[in-house]
Amino acid sequence: MRKLMLPLVLSLAIAGIAGAAVPVLLSGGDEPGENFIAVDVMPEMIYQASPEYPAEAKAKGAEGKVTVSLRVEIDGTVSSPKVTSSSGSSLLDQAALKAAGNYRFKPAQQDGKPVAVWVSFVVVFKLDTEKKPAPAEAFIAVDNQPEIIKQIEPKYPPQAVEDKIEGKVFIQLFVDSSGKVTQAKVSKSSGSKLLDDAALEAGRKYEFKPARQNGQPVAVWVSMPVVFTLE
């Protein structure tokens, strides 16, 4: 297989507006930017944590963009998140680093084996002055994230069991200010409509402790994977 050294572009929707895509080369050294390497498979983000907007930063009206680099290890966890371009606010920089430390990836691969690489992206903090509900494609910064208080185990469709279909579905749920799920969408299909529909059916029955912003409950979108595996 011919290997190409390609720019990795991560476009992340964070903190109220879409994060700008940052083209970078994969790096395999101890620091970002060292020893650019060619890989067969790029790392793929499978869990993204929305950063919390620091209360002090909101009170000061602070907004900005933070460029963060982090090392994606061979097991998909991240290490050594670093600010490579500051927002000008240490509060926003630290909030971006804290969120980045919780990201999870499907690791890059080289010659069929997982390899550790550095990736970079931009985290954007923008105050939502109009307090509009976020669309499914965006995240808003909140003081407290929503917490699941009732999670329904999805039913494995009998036809999928018979056909030995497995897969992972990524769903988005709109959690209103009372903690109820009012909308559910598939953001990344498992490849099976049976599994996708089962994941949505379960997701609609979840209940949450709602997110809070400025001490008040607010409606937000949340994303999560639902995995179907036959035993």
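Normalised by the number of residues in the stretch 147-228, what is the relative contact order in percent for Cα pairs under 8 Å and 6+ residues apart? Don't skip to the end; give the middle numbers.
Values: 167 pairs, mean separation 34.5, N = 82.
That works out to 42 percent.
The label-point distance for Lys106 and Arg204, in a model that sets each label 7 Å from Cα toward Cβ, rounds to 2.8 nm.
What is the total of Lys pairs in the stretch 147-228 with C-alpha atoms under 12 Å apart, excluding same-chain pairs fewer than 8 positions apart? Summing the qualifying lysine pairs gives 7. For Pro225, the shell of other residues with beta-carbons less than 9 Å away shows a net charge of +2, using +1 for Lys and Arg and -1 for Asp and Glu. One way to sum up the overall shape of the stretch 147-228 is the equivalent ellipsoid from its Cα gyration tensor, whose semi-axes run 28, 11, 8 Å, largest first.
Ranked by the mean number of other Cβ atoms within 10 Å of their residues, highest first, the peptides 187-195, 91-99 fall in the order 91-99, 187-195.
Taking the inverse of the mean 1/r over every pair of distinct Cα atoms in the stretch 41-95 gives a Kirkwood hydrodynamic radius of 12.8 Å.
Can you give me the Cα centroid spacing of the stretch 72-95 and the stretch 190-217 in angstrom? Distance between centres, Cα-based: 28 Å. Starting from the Cα of Lys168, step 7 Å toward the Cβ, then list every residue of the stretch 206-231 with an amide N under 15 Å from that point. So the set is 223-230.
Taken together, the values in this text are just the output of simple stated rules run on the coordinates, not laboratory data. In this text the structure is predicted, and so the values were computed from the model without any measurement. With ideal geometry, Cβ positions are generated from the backbone for all residues, glycine too; neighbour counts draw on all protein chains shown.
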